[in-house]
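S.K.: Quick one: this structure, given as structure tokens, is what I'll be asking you about.
Derivation of every value follows stated rules applied to the coordinates shown; laboratory data play no part. Just so it is clear, the structure is predicted and the values come from calculations on it, not from any experiment. Counting neighbours? That spans all protein chains shown, and the Cβs are built from the backbone with ideal geometry, glycine included.
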Amino acid sequence: MRFKRIFGRSSFEPDLASELQFHLELEFQKNLASGMSQQEAWRQAKIAFGGIEGVKDECRKLRFASWFESTSRDILYGLRLLRKSPAFAFVAVAILALSVGANTAIFSTVNAVLLARWPFSHPEKIVFVSEDNHSDFRWGFTSVLNFEDYRSQQRTFDQLALWIAQSVNLTGQERPDRIIGSFVTANFFDVFGTKPWMGRLFVRGEDRRGGPYVAVLSYEAWQTRFSSDPRILGRQVTLNNENYSVVGVLPRGYRLPFESDVYVTAQHQTSYHRERSAKQFLMLGRMKQNVTPTQAKADFSTIAQRLAHDYPTENAGIGTVVIDFRQALNHSVRMPLLVLLGAVALVLLIACANLANLVLARGLERRGEMVLRTALGARRTRIIRQLLSEAIPVALAGGLGGLLLARGLLPLLLRMAPTTFQDVKVVLDARVLLFSSLLTVLTAVLFAIAPAVQLSATKSASALNSGIRGTVKTDTGAQVRAAFVICQVAMSIMLLVGAFLLIRSFQKLMASDTGLSLDNLLTMEYRLPRNKYTSPEAQAAFHRELALRVAQVPGVVSSAIVQSVPFSGNWGDTHFMREGTPVPEKGKEPTAFTNLITPEYFQTVGIPLLRGRSFNDQDTGAAPRVAVISRALAQRYFGDQDPVGQRLQLIDTDPTENGEHLTIVGVVGNAKQIRLRDQDETEIYFPYSQKPEIFGTLVLRTAVDPMSLANAVRQAVWSLDKDQPVWKIRTVRYLVQRDVEDTRLLMVLMTGFGLLALVLSTLGTYGVLSNIVGQRRQEIGVRIALGADLGKVRDLVMRQGMKMVLAGIGIGGLAAVAVSQAITSVLYGVGALDVGAFAAGFMVMMVVALLASYLPARSATRVNPAAVLRCE
Amino acid sequence: MSEQLDLLQGTLDLLILKTLALEANHGWGIAQRIQQVSRDVLQVGQGSLYPALHRLEKKGLISSEWRSTESNRNAKYYELTRSGRSQLARELSEWHRMSGAIALVLDNV
């Protein structure tokens with residue numbers, strides 16, 4: 001410590017020098033007075049004084065022996081101690097590095113996904129509003145007319161906008177392509193408070209029917225699609241075969257929602273209808289400054305009730321959901337991430353308890369030292385401080401190791417769930433580093449404070465005696481450490497049960513049938529421009545012709561067109577009823593997925609035809625309307641009756657479909673539509689030839705590696721229409737893997753954390769028991785000498801171990817019930833109280849704990865009574 | 001010199017406090033006074049005096065101030081603070097108890 005400029009130090013040195021000088025002079029004068037010569041008097045004064053620099057140094061140290069200095073001394077001392085016990089150092093640092101590393105990795109994903117900074121003022125005021133009447137989140141749609149009523153009647157929002165994101169065809173470039181478009185009301189950007197980077201955004205009235213064809217580009221689209229054309233403003237772009245003129249470019253990084261490339265006004269959306277039943281749009285708004293979501297919800301509920309009352313046919317049963325827009329965007333990963341964050345925090349706590357026990361055990365060996373320090377006048381706080389400081393090198397090394405580990409682990413983690421994390425940038429940024437540092441410090445305090453308090457509390461006199469004789473028999477330390485073990489086991493049980501629940505979920509998920517045969521299935525999507533394929537016949541003809549043409553490509557076994565291929569994220573649904581049955585109550589109508597297909601679809605994807613027939617070329621627009629239903633629908637609504645020949649009536653909200661009557665011509669096997677975890681497999685298939693539709697997904701079964709045909713198939717599309725873009729060229733197997741990747745990631749991580757917890761708590765149990773055996777050597781030796789049965793001695797120790805473990809399992813079991821209730825939303829096919837998962841968790845813990853108790857117990861039976869007694 | 005005794009650390013603090021209880025003084029003065037009052041038995045080495053003074057000042061038991069001496073020289077004077085005074089009282093009674101107890105043992109055994 002040679003900080004010259006510490007406050008107050010500046011006058012210290014001269015002061016000290018003149019103080020000592022003054023002393024010397026007085027001494028000199030005294031010597032003179034006693035009759036010495038000048039020279040002698042000076043010499044004697046100096047001799048009497050001793051080394052002046054030594055005195056100065058002593059005084060300096062006294063003044064400036066600061067907190068920092070003593071702490072760094074403690075840290076150095078701690079380092080020396082660690083060097084003397086490398087095994088302890090290694091285990092402690094490894095435990096810390098593992099848990100800090102896991103925490104850092106998980107936190108950095110949470111940081112990137114849930115805590116991402118939004119470049120808008122007061123992002124918490126931006127909410128998504130829907131007319132849903134249930135609490136589970138989903139993107140709920142509304143109609144343009146309802147929206148306009150909400151907008152004019154509400155009092156809680158500064159801005160309320162309408163939007164829908166959908167892929168659009170971009171043509172007129174080098175080759176046709178598909179980009180993501182957002183169809184929005186003119187005030188959409190006002191919700192976010194975004195200003196244009198170039199040009200202008202939409203102005204009032206542009207979203208009216210008959211409004212102009214104007215487009216706003218995202219910065220990224222401007223860069224990549226239009227090579228940063230500086231004269232982009234006013235340039236014409238062709239979207240869905242319509243010419244739009246570019247009026248503005250957004251600032252860099254603004255691509256909400258869903259990575260949009262281009263924004264156009266809502267009335268240009270193909271399904272824009274000014275009819276109350278046409279619910280095709282989403283609502284988004286910025287609440288007024290002092291309005292809470294609850295108030296906004298109350299406001300909208302009143303309007304919703306009015307709408308339901310005034311327009312019962314279209315609006316009966318509507319509710320109101322108001323949810324933070326950020327939460328809406330990441331709702332699907334939110335819960336899994338929170339589960340992981342909780343799990344990894346538990347791991348850290350277990351690690352802390354473990355380290356605390358290690359430090360305690362080591363501390364007991366250092367009891368003599370502590371007692372001596374206390375006897376020599378060290379205060380209790382000083383000793384606690386010393387022990388805490390000694391923990392710092394361990395914590396630092398562990399924290400650093402953890403960071404490195406996290407850096408290594410993160411790419412692996414992200415690679416396990418490429419689609420889940422595709423839009424987020426997970427990095428170890430300043431916030432993550434801060435988090436990890438805080439975590440490390442906290443860990444050090446957590447694992448060092450208990451032992452420090454414990455050790456410093458030892459009463460000197462008694463401890464000096466017992467410490468010197470080494471026969472500490474009962475100490476409260478043992479109880480503390482037992483408590484730590486119980487906590488560790490309890491927390492491990494929570495993690496293990498959680499892990500088993502997820503493992504069983506994943507098994508169930510993987511065992512569930514997609515309904516398709518997945519091998520060698522390739523898909524790609526396209527959307528026909530409505531103004532080019534205007535008639536239903538032209539649309540149907542394109543789909544039919546494309547399917548036939550692709551089937552001719554060498555390597556293709558069969559091909560078909562489907563509107564929403566399973567696991568693509570696309571789907572449609574409808575309300576329906578059996579013809580002739582009473583009209584169901586509003587809001588309680590049967591629902592089924594809908595899909596449009598060309599005749600060869602079932603055969604191509606491997607859905608078996610169970611009854612009747614599939615569609616054929618006779619099912620034209622002029623022929624009677626026909627449908628094929630899934631087995632699940634047949635069973636639920638027709639029971640034992642044969643549905644073939646029966647009739648369905650659609651009661652959908654889409655005005656073009658309402659009241660349609662269909663004859664069922666066939667029944668096919670069930671297939672999952674959106675996710676593998678979905679239970680609902682009721683589905684109605686219609687032929688493309690009887691319904692106008694511009695969107696299609698080409699599916700083809702190949703005899704060769706499906707991806708190798710991608711180019712040939714694209715060429716086949718272009719041979720039909722050179723301006724038609726196709727996109728999302730993917731295999732169905734990929735789609736399924738993508739669908740389960742989040743479940744798998746969660747399962748893998750939880751299993752990892754469960755194992756880590758298991759290892760840590762086992763080490764903890766083992767360590768404490770070994771220590772107890774060590775402390776009770778004398779007693780055990782005497783017992784053996786007196787003829788105690790070795791088996792009994794072993795049981796004695798085992799019992800002590802199992803008592804702790806059972807207590808931990810009991811407490812942990814109860815806590816696990818709460819945990820599993822909390823995570824039900826991420827489970828599949830297993831109940832929160834799944835007996836199998838709980839039993840498996842308990843069993844694993846028991847077996848491992850038995851082993852952990854057996855080893856110390858065995859060593860207890862090997863105590864040599866003679867040696868022990870001689871020691872005494 | 002053989003009859004001079006080394007001082008235990010705690011004892012030196014006590015002596016300094018006691019000396020300063022009479023009047024404020026500088027380091028040399030304190031040393032002289034202890035030596036005089038103990039009839040040359042206790043001689044305080046500078047090597048322990050000044051560290052002790054600085055230690056006591058850091059603890060807040062004494063405070064220091066630069067003043068002029070009678071011979072018009074600048075010297076650093078120490079004086080007892082309020083907490084120094086009560087500390088002195090405590091340590092004195094402790095000392096009396098201790099020395100009484102030791103005397104009892106020594107006289108009676």
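S.K.: What's the extension gain from A:Met846 to A:Glu585 if we count 0.36 nm per residue and subtract their Cα-Cα distance?
M.R.: Contour length minus the Cα-Cα distance gives 88.5 nm.
S.K.: Give me the log10 of I(q) over I(0) for the stretch A:83-210 at q = 0.18 Å⁻¹, as the Debye formula computes it from C-alpha points; what are the numbers?
M.R.: Debye output, listed in q order: -1.23.
S.K.: Let me ask something else. What's the ranking of A:367-375, A:757-765, A:629-637 by average number of surrounding C-beta atoms within 10 Å, highest first?
M.R.: Listed from highest to lowest mean packing, they are A:757-765, A:629-637, A:367-375.
S.K.: Translational diffusion coefficient of the stretch A:12-65 at 20 °C, 1.002 mPa s, Stokes-Einstein with Kirkwood Rh over Cα pairs, in µm²/s as a whole number.
M.R.: 181
S.K.: So for the stretch A:37-108, what percent of the C-alpha to C-alpha distances run longer than 22 Å?
M.R.: 61
S.K.: Relative to the compact-globule scaling 2.2 N^0.38 Å, provide the ratio for the alpha-carbon radius of gyration of the stretch A:529-723.
M.R.: 1.04
S.K.: Provide the FRET efficiency to the nearest 0.05 for the A:Thr294-A:Gln479 pair, computing r from the beta carbons and using R0 = 30 Å.
M.R.: Working from the Cβ atoms, E equals 0.05.
S.K.: In 10 Å bins starting at 0, how do the alpha-carbon pair distances of chain B split up by percent?
M.R.: Values per bin, smallest distances first: 14, 42, 32, 10, 2, 0.
S.K.: May I pose another question? How much of the calculated P(r) for the stretch A:780-872 lies past 19 Å, in percent of all Cα pairs?
M.R.: Value for the stretch A:780-872 (Cα pairs over 19 Å): 56 percent.
S.K.: Okay, moving on. Determine, from the Cβ-Cβ distance of A:Ala839 and A:Ala511 and an R0 of 22 Å, the FRET efficiency 1/(1 + (r/R0)^6), rounded to the nearest 0.05.
M.R.: Calculated value: 0.65.
S.K.: Taking each residue of A:17-25 in turn, how many C-beta atoms of other protein chains fall within 10 Å of its C-beta, and what is the average?
M.R.: Per residue, the number of nearby Cβ atoms from other chains is 5 on average.
S.K.: Please report, in whole Å, how far the alpha carbons of the stretch A:123-329 spread along each principal axis, starting with the longest.
M.R.: Reported extents, whole Å, longest axis first: 52, 35, 30.
S.K.: Using only Cα atoms and rounding to the nearest 10 degrees, what angle (0 to 90) does helix A:710-720 make with the longest principal axis of chain A?
M.R.: Helix A:710-720 sits roughly 30 degrees off the main axis of chain A.
S.K.: How large, in Å, is the stretch A:14-164 by the Kirkwood hydrodynamic radius built from its alpha-carbon pairs?
M.R.: Across the stretch A:14-164, the inverse of the average 1/r is 25.2 Å.
S.K.: Okay, moving on. Counting each DSSP H run of 4 or more residues in chain A as -39500 (n - 2.57), what helix-only mean residue ellipticity at 222 nm follows after dividing by all residues, to the nearest 500 deg cm²/dmol?
M.R.: My calculation for chain A gives -17500 deg cm²/dmol from helical runs alone.
S.K.: Report, by chain and number, residues whose modeled amide H sits under 5 Å from the one on A:Ser564, excluding near sequence neighbours (fewer than 5 apart, same chain).
M.R.: The answer is A:Leu596.
S.K.: Here's another thing I want to ask about it. How far, in nm, would the chain grow between A:Arg175 and A:Ala788 when pulled straight, counting 0.36 nm per residue and subtracting the alpha carbon separation?
M.R.: Length gained, A:Arg175 through A:Ala788: 211.7 nm.
S.K.: Here's a follow-up. Across the protein assembly as shown, what fraction of all alpha-carbon pairs, as a whole percent, falls in each successive 20 Å bin from zero upward?
M.R.: 10, 28, 25, 19, 12, 5, 1, 0
S.K.: Could I ask something else about it? Please list, by residue number, every one of the trypsin sites (Lys or Arg not before Pro) in the stretch A:692-780 that is coil in DSSP and has at most 15 other beta-carbon atoms within 10 Å.
M.R.: Filter output for the stretch A:692-780: A:Lys722.
S.K.: Can you figure out the FRET efficiency of A:Asp310 with A:Ser535, using R₀ = 35 Å and their beta-carbon distance, to the nearest 0.05?
M.R.: 0.45
S.K.: How much length would be gained if the chain were fully extended between A:Ala866 and A:Phe258, taking 0.36 nm per residue of separation minus their Cα-Cα distance, in nm to one decimal?
M.R.: That works out to 211.1 nm of additional length.
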